[in-house]
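Take a look at the structure set out below.
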Amino acid sequence: MTYPKPRPGRIALVSEHASPLAEPDGPDAGGQNVHVAQLAGHLARRGHDVTVYTRRDRTGTPTMVRTSDGVKVVHVPAGPPTAVPKDELLVWMPDFGAYLSRMWRLARPDVVHAHFWMSGLASLTGAREAGIPVVQTYHALGTVKRRYQGTEDTSPHERVDLESRIGREADRIIATCADEVIELVAMGVPRGRISVVPCGVDTTHFVPAGARPPGAPYRLLSVGRLVPGKGFERAIKALAAVPNAELLIAGGPEPPLLVADPEAERLRKIAAEHGVTERVRLLGRVPLDRMPQLMSSADLLLSLPRYEPFGTVPVEAMACGTPVVATAVGGHLDTVVDGVTGTLVPPVETPGHDLAATIRSLLDDPARRARYGAAGRTHVLARYTWDEVADGVVRVYAQLCPAPRPAEEAR
């Protein structure tokens, strides 16, 4: 079924802990910050009246800031005006929801789009009295986090039950990959109310940026937060059986602080145990403007987490024309086309599979890597641009409000 494209109307995005104003490569920013900022900007440039509601996390912050795209960012006074870990914010969501309710009684949006589960709680509270339709994007699910982190999961114990409730009460759910749909249905969310719209990447920023000089060692690259479970340990162990190659790991604190980082120290010990200390380089945080060149310089991007709700890094690498080796989990199952844009591998070593052998076979076949790289760029341009993502989100909104009031009349 197709739905009419809605005329410009009022759209409220709620992102309780992830501000779209955060620096995209700063210490406080992650995938959700970028997602909300990009989606809001693209919707605003299409003529929609877009307001993002995020928690005030510092003193002196203006109540409202307008971005260059015309997006209004409202800082909600819920909890102390200081940085608070997101896993400790649940207690302030009733205040956040009450604030939204007051604002939306004064100026009713046509649709509310909540990002993350606590934003969903606040959005449902704020929208209930006015009867505003609510769309929910989780970005990550507590059931999955608990399954893979176990006792290391710091989420509130109520998270899983509340996520299920949000899924049943929201009008539409946007999943970012097909694997998430399976999780949501298992949680009791009706399949008919779930749509899949992936995350996007900036394909004007992530572009092929040249290659390294001939004769240099093969370069393997892994990118991500410097935490256990991202697969860096596995990449280091595989490197021991991949001669004439170096492994670069980008992520973590600024280089001066990397010396004292516990995970960095753990990875250095693993490299020493496997005799590859001289071939492993921990880069720390790499600025966003340098990332396309770094990704383009790699012969292979290794993305080896045990689980990844979506996984933007492989998509960024493919946009740069770099072939990918990724674990067959979560969003990777959608984004990486096995045998076309890269190679999917099991999330853990299994009998009959050898990660190092997979890497060696690709390094020994430059023609196949070139095909994967070209196909990866084409694949990203077809499915993962922010214009494509905005189109998908607008189609979901249209199911709830096919003809919202024009922005100029709503003011």
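Here, each number is a calculation from the coordinates, and none is a lab measurement. Quick caveat, the model's predicted, so the values are computed rather than measured. Reconstructed Cβ throughout: ideal geometry from the backbone, glycine too, with neighbour counts over all protein chains shown.
Structure above, values below:
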{"read-out": "Computed helical MRE - 222 nm, the chain, DSSP H runs ≥ 4 contributing -39500 (n - 2.57), nearest 500", "value": "-11000 deg cm²/dmol"}
{"read-out": "Max mean-square fluctuation residue, GNM over the chain, Cα-Cα springs under 10 Å, options PRO20, PRO351, PRO109", "value": "PRO351"}
{"read-out": "Extent along principal axes [Cα atoms of the chain; Å; largest to smallest]", "value": "65, 43, 40"}
{"read-out": "C-alpha long axis of helix 366-383 to longest principal axis of the chain, angle in °", "value": "0"}
{"read-out": "Two-site label geometry, GLU152 and THR67: point separation in nm, points 7 Å out along Cα→Cβ", "value": "3.2"}
{"read-out": "Non-local Lys pairs in the chain, i.e. 8 or more apart or on different chains, that have alpha carbons under 19 Å apart", "value": "4"}
{"read-out": "For the range 218-383, alpha-carbon Rg over 2.2 N^0.38 Å", "value": "0.96"}
{"read-out": "Neighbour cut-off at most 15 other Cβ (10 Å), DSSP loop, trypsin sites (Lys or Arg not before Pro), the range 56-100", "value": "ARG58"}
{"read-out": "With Cα atoms, 0 to 90° folded angle of helix 386-400 axis to the chain main axis", "value": "40"}
{"read-out": "On Cα atoms only, tilt of 31-45 relative to the major axis of the chain in degrees", "value": "50"}
{"read-out": "Charge sum, other residues only, whose C-beta stays under 12 Å from ALA170's C-beta, Lys/Arg counted +1 and Asp/Glu -1", "value": "+2"}
{"read-out": "For the range 68-73, 3J(HN,Hα) per residue [Karplus equation, 6.51 cos²θ - 1.76 cosθ + 1.60, θ = phi - 60°, Hz, x = Gly/Pro]", "value": "5, 7, x, 6, 8, 10"}
